[in-house]
Ligand code: PGA
């Protein structure tokens with residue numbers, strides 16, 4: 001597939017996989033994906049598996065991501081993880097503002113923008129998630145919500161930082177539900193988000209930013225989604241927990 005931007009496909013393992021299970025999965029992925037160079041491939045295990053997975057992928061082209069990070073560098077923040085701790089394990093990407101964290105941990109756009117600044121401050125790359133709920137879509141609020149989330153969570157980034165930021169469009173109604181956005185819905189939202197970034201930063205930055213689609217991505221729908229001009233990859237939940245399906249999503253996207 002001839003794309004303007006290099007595809008980035010990341011597996012968000014969420015709260016799944018013990019260390020032993022994580023290593024099993026990574027072994028499978030390394031076998032399946034040995035010769036792939038066309039796509040940036042990222043796995044995001046839970047914090048407890050970062051250390052072992054980091055060692056296991058050293059001799060592969062898989063890259064490591066974390067699922068969250070605290071906005072402070074150090075200090076009395078019980079249960080939290082700082083950038084410097086992630087860097088110890090060669091983490092390159094950090095997912096921020098996933099809809100599950102927006103919902104269960106009540107993360108706001110303002111907090112996500114602080115975290116994004118901290119991620120860039122540590123020379124890591126954030127994957128910042130945005131997306132509307134079903135009620136918002138049905139109420140004709142999709143663009144308003146996307147605008148609020150994009151403006152709020154990307155606020156304060158420099159142009160250079162924005163160009164190195166990945167945005168994930170994840171309609172909440174498509175996450176873990178088996179319902180995927182149609183390619184037209186995905187393309188429309190991605191183009192809208194790119195337009196917003198163009199207005200906030202500039203056109204050059206907007207053309208460089210990679211926007212992933214997330215929400216029930218599977219081997220069977222990856223190719224069609226990835227064929228859209230503004231879809232530059234995928235953030236995969238459920239289908240990233242098994243080597244074959246995650247690998248097939250990547251292979252079908254090339
Ligand atoms: P899903 O999750 O692929 O299981 O729908 C996507 C995500 O939450 O990132």
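Remind me, relative contact order of the range 120-254 in percent, using alpha carbon pairs under 8 angstrom and six or more residues apart?
24 percent
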Calculate the FRET efficiency for residue 242 and residue 6 from the Cβ-Cβ distance with a Förster distance of 35 Å, rounded to the nearest 0.05.
0.90
Relative exposure of 226, 41, judged by other C-beta atoms within 10 Å (fewest first)
41, 226
Sorted from fewest to most neighbouring beta carbons within 10 Å, what does the list 77, 93 look like?
77, 93
Considering Cα pairs under 8 angstrom that are at least six residues apart, work out the relative contact order of the range 17-69 and quote it in whole percent.
45 percent
If you average the alpha carbon positions of the range 78-121 and of the range 143-197, how far apart do those two centres end up, in angstrom?
17 Å
Cα→Cβ-extended label distance, 7 Å offset, between residue 104 and residue 202, nm
4.2 nm
How much mean residue ellipticity at 222 nm does the chain get from its helices, if each DSSP H run of length 4 or more adds -39500 (n - 2.57) and you divide by all residues, to the nearest 500 deg cm²/dmol?
-13000 deg cm²/dmol
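By count of other Cβ within 10 Å, fewest leading, how are 169, 104 ordered? Don't skip to the end; give the middle numbers.
Numbers: 169 27, 104 9.
Ranking 169, 104 by Cβ neighbours within 10 Å, fewest first, gives 104, 169.
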Given a 10 angstrom Cα cut-off, can you work out which residue in 153, 240, 61 is the most mobile in a GNM of the chain?
61
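Where a number appears in this text, it was derived from the coordinates with a stated rule and is not lab data. Everything numeric here is computed off the predicted structure, so don't read it as measured data. Neighbour counts run over all protein chains shown; Cβ positions are idealised from the backbone, glycine included.
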